[in-house]
Amino acid sequence: MDADRRAALEERTRYEPAESEARVFGRWEAAHAFDAEPDAPGDRYCICLPPPNVTGSLHMGHALNGAVQDTLIRLKRMQGRNVLWQPGTDHAGIATQMVVERELAKEGVSRHDLGREAFVERVWAWRRQTGSTIIEQYKRLGASMDYRRERFTMDADYARAVLEVFVRLHERGLIYRDSRLVNWSWPLRTAISDLEVEHREVDDTLYHVRYDVDGGDEIVIATVRPVTILADTAVAVNPADERYRHLVGRTATVPLVGRRVPIIADDRVEIGFGSGALKVTPGHDPTDFEIGRDHGLSAPLFMDETGKLTDLKPEWEGRSLAEGHDAAVAQLRAEGRIVREEPLRHAVGFCQRSGARVEPLVSLQWFCRMEELAATAIDAVRSDRIRFHPRRLEKVFFDWMESIRPWCISRQLWWGHRLPVWFAPDGSHVVQIERPDGDGWEQSTDVLDTWFSSALWPYATLGWPLDTASLRRWYPGDVLVTGRDIINLWVARMIFTGIEFAGDIPFTDVYINSTIQAADGRRMSKSLGTGVDPLDLIDRYGADATRYGLLKMCSTQDVRFAEGMIDEGRAFANKLWNASRLILLGASAAALPAPTGADPVDRWILTRLGEVNATAITLYETYQFSALVKELYAFVWNDVCDWYLEALKIRLYTDDEAIRQAASETGLYVLERILVLLHPLLPFVTEEIWAHLPGDRGLLMQARFEAADDIRADPAAAAAVGAVIELVTELRRMRSDAGLGPREPLDVLLADGAIAGQADLVRALGHATIVSAAPGGVPVTAGDAQVLVGGAALATALHTKLERRRATVAGELAKARAKLANPGFSDRAPAAVVAEEREREARFAAELSAIEARVADRDG
RNA sequence: GCGCGUAUAGCUCAGCGGUAGAGCGCCCGCUUCACACGCGGGAGGUCCCUGGUUCGAACCCAGGUACGCGCACCA
């Protein structure tokens, strides 16, 4: 290491993420380390980023999700796979249109003032300017995506793929046009899908309204929305309902409009609800729609697409829904038709985007028939070709897929993929991508549901329907990492379109990451101000610390956000930095990393390294990130820093160059391997340290992640060092209990056993004087050895401790004996468990008698 | 309404049939030559309740209780 670099390392006693991250990221980019090439060697490994909404910015879900994906992709890249992590965004029809409309509103213009074409151009301008914001934010996290390949669901070639899918599904008869009841969002003036409707409990009033029946009778219906009475076309009762049997077949008069409608019998009417009589409004209610269809009723609309009343009652035409409600209640009340009002709490659908109450209404839309497509996706999961992690979430998928309904895929928006449907002047239409020959063809004004296009993401991003090198190389992909809320919107749809069009399942594993809740245990909420901004965390703690914390929180269940875990990550990065400084600055100039293992301490840490390496690989590959982070933290902090480095210092600071050289080699080797192990989790700090390792080496992110096979285990050395650790810990405890300073010398007599050869280590780490006889010393258990600790100063202070220990040991001994005395245990428990219990009994018995001898000695 | 999940140290969470764990916080002590974002020591737990299975239960089963999250057209 040259003098400048050495001085720089010496100065930097803290790891400052802000100082390193941009520089390290620049090195990766300069080396084109993220670039994926189809003809590169190695088995394929592919993840596509669930495309975030183009209007979005990085939130906690993205950050966790991104940390998981980057961890996997870096691991696989280091394992020699030819990896692709595909970035991109979706065009988010409604959200984007709203963003741009809000912009226009500031200029006092509406999209209607602009006209469709100019508006769409305006959206593109917005997209060119800010559309990659969220992808740029992923870079702050260290995400190693191939940014050259960023895709957008409105890109020309992608759009072509979307239309191709539409046409093919239509040819197969799976896409059709129909007039059906849909969820209508009047502020947005579009239909929305079932999944975009959010149900909330609402307190409403249930009005009981009296309708006149020909012949002087009357019938009372119940409704929470009296204004819908305008569109009633029947009154229905349950055929089994005695109360109303005599009215069936007669004619009722609808209040407010005076329409004369039949009273019909239908068993979908629930006898026990309200009055038991149902006003039937086929144009605005799912059940009523079905009843209306079966009874041949018409389905007039009381409101139009903009949320205004229609001319069913001409004098109210043009009023808002709220005004209509008030007017209806007022008139019914004035006419004395409201016989009862009662509070009703019930679930009502709201439009996710606009927040308005969803209005079910009959509308002419395009639908996708789902049963057949769903069956292939169900089969892929059922047969284990696709596995969910955690497994139980398959149920969410099955529940939705098995009760699937037609998917309304058309939207009355301006921003999106316009349907490849062409209308002739005579009203007939054809479905094809190109405009048909001849004059007068008009393209459908509808666009497709955004989710329809993002369902093709895994293969459309790779060039489908063309047979591209990328598609051949990386499809199907390996794992989809996403949040639970997206299972049905996305995962399910990607699976069946993948099978249908790309000829195979899009991935084999679906890893659903935890939801990070706010500190109050509920979902993070913007409106409640309980959200946490990951970019702010990165600014304050660093990207590595943020990744560390998020991954530590990430298990198979939801977790509350705990900033302490991020802070722990920062401390860990700093610890790693400083441990590295010790090794790098203390090592012999000529030393290169090598598992030399000159000393038992070296062989012990190499043994541990081998164990941890193997465990880590398993945890990485089974998505157990929280356990992985803990495992590596404990190894680095406790084994390496607390013990190995303390022991290594002795040889690093010696004058004997041969010893120093050998110690340096192993030290550097251990450091090198730790950096490799940690890199997928903490890419920045590990890459930064890597650059300081001696020797000619490239980037850490391009280094090889080795299996543990090459590390030799040495159980004898491990046992000896284990005994030293136990003894030194006991010596520290004694000093503390006796009120002695931490470096107060103690006399120690080493007994035979694993520890016998470790006098130097005990002397150095334990600040002990090794003696050959210690009259009046206190016996201490340390692994397999008995050690005598001498020094009169300790005697009194240790007496209390000894008594305490005697009580503990006696208790444990009694427990072990009771267990063994139980015939049920010794006869029926596995032999190994019984043997272990016997061993414990013997150990406690020996220790107890030693303590008692000591006490007797002292007292006598 | 249906489904899923969670209840373990003051806080956030591991452990999921055989000696109760971590980080933070707390207490005591350290200007130890990598790190005070540190070092050493310590205190702290009827593992939600009630039953059951088992030689043995924090862990398995049943029933409660509390909380969270999905899904859902009762007007």
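General observations
- Residue-averaged 222 nm ellipticity for chain A, from DSSP H runs of 4+ at -39500 (n - 2.57), nearest 500: -14000 deg cm²/dmol
- With a cut-off of 13 Å on the backbone N, the residues of the stretch A:592-619 near the modelled label site 7 Å out from A:ASP710 along Cα-Cβ are A:593-596.
- Cα gyration tensor, the stretch A:343-438 - rounded (a/c under 1.5), prolate or oblate: oblate
- Size descriptors for the stretch A:427-555 (Cα atoms only): Rg and Dmax, in that order, 21.0, 64 Å.
- Dipole magnitude of the stretch A:382-423 about its Cα centre (Cβ charges: Lys, Arg +1; Asp, Glu -1), debye to nearest 20: 100 debye
- Radius 14 Å from Cβ of A:HIS679, net charge of other residues (Lys, Arg +1; Asp, Glu -1): +2
- Full extension of the chain between A:ARG523 and A:LYS649 gives 40.5 nm of extra length, using 0.36 nm per residue less the Cα-Cα distance.
- Of the residues A:PRO38, A:GLY416, A:ALA518, the one whose Cα sits farthest toward the positive end of the charge dipole of chain A, with +1 on the Cβ of Lys and Arg and -1 on the Cβ of Asp and Glu, is A:ALA518.
- Relative compactness, the stretch A:1-113, computed as alpha-carbon Rg over 2.2 N^0.38 Å: 1.60
- The stretch A:727-758 and the stretch A:277-352: distance between their alpha carbon centers, rounded to Å: 86 Å
- A:ILE659 versus A:SER57: modelled label distance in nm, points set 7 Å from Cα along the beta carbon direction: 5.8 nm
- For a paramagnetic label modelled on A:GLU19 (point 7 Å from Cα along Cα→Cβ), amide N atoms under 19 Å away belong, within the stretch A:675-713, to A:683-693.
- Both numbers refer to the Cα atoms of the stretch A:149-269; Rg and Dmax are 22.7, 75 Å.
- Taking max minus min of the alpha-carbon positions on each principal axis, the stretch A:375-424 gives extents of 48, 20, 19 Å, largest first.
- Between A:ASP760 and A:GLU372, residue separation times 0.36 nm minus the direct Cα-Cα distance comes to 132.2 nm.
- Only Lys, Arg (+1) and Asp, Glu (-1) charged, at Cβ; chain A dipole about Cα centre in debye: 1020 debye
- Peptides A:78-91, A:663-676, A:576-589 ordered by average Cβ neighbours within 10 Å, highest first: A:663-676, A:78-91, A:576-589
- The packing ranking, built from the mean of other Cβ atoms within 10 Å per residue, places the peptides A:167-180, A:359-372 in the order A:359-372, A:167-180, highest first.
- Charge sum, other residues only, whose C-beta stays under 14 Å from A:ALA118's C-beta, Lys/Arg counted +1 and Asp/Glu -1: -3
- A full extension of the chain between A:ARG387 and A:LEU740 corresponds to an added length of 121.2 nm, given 0.36 nm per residue minus the alpha carbon distance.
- Dipole of the stretch A:809-860, positive direction: furthest Cα of A:PRO823, A:LEU813, A:ALA850, with charges on the beta-carbon: A:PRO823
- Span per principal axis, largest first, for the Cα atoms of the stretch A:721-775 (Å): 30, 25, 15
- Measuring r between the beta carbons of A:ASP533 and A:ALA118 and using R0 = 35 Å, the FRET efficiency lands at 0.50.
- Pair-distance distribution of the stretch A:119-179: all C-alpha pairs, bin width 5 Å, starting at 0; shares per bin in whole percent are 4, 13, 15, 16, 16, 13, 11, 8, 3, 1.
- Degrees between helix A:792-821 axis and first principal axis of chain A (Cα, 0 to 90, nearest 10): 60 degrees
- For the stretch A:630-723, the fraction of C-alpha pairs farther apart than 17 angstrom is 60 percent.
- Listed residue pairs exceeding 32 Å between alpha carbons, taken from A:LYS76/A:LYS630; A:LYS552/A:LYS819; A:LYS139/A:LYS575; A:LYS139/A:LYS526: A:LYS552/A:LYS819
- Cut-off 18 Å (backbone N to label point 7 Å along Cα→Cβ of A:ARG200), residues of the stretch A:335-355: A:344-355
- The overall shape of the stretch A:63-187 is oblate: from the C-alpha gyration tensor, with semi-axes ordered a ≥ b ≥ c, the ratio a/c is 1.5 or greater and a/b is no larger than b/c.
- Under 13 Å, Cβ to Cβ, from A:ILE409 - net charge with Lys/Arg +1 and Asp/Glu -1: +2
- Chain A: antiparallel DSSP beta bridges as a percent of all, rounded to 5: 75 percent
- The order of A:HIS346, A:HIS692, going from fewest to most other C-beta atoms within 10 Å of their C-beta, is A:HIS346, A:HIS692.
- Value of Rg to Rh for chain A, rounded to two decimals, is 1.11; Kirkwood radius and Rg both from alpha-carbon coordinates.
- On the basis of the beta-carbon distance and an R0 of 25 Å, A:SER298 and A:GLN352 show a calculated FRET efficiency of 0.20.
- Set of aspartates and glutamates with alpha-carbon distance to A:LYS308 below 13 Å, sequence-local pairs under 8 removed: A:GLU317, A:GLU323, A:GLU359
Read-outs throughout are calculated quantities, based only on the coordinates presented, and are distinct from any laboratory measurement. Since we're looking at a predicted model, the values are computed, not measured. Every residue, glycine as well, gets a Cβ built from its backbone with ideal geometry; the counts of neighbours run over all protein chains shown.
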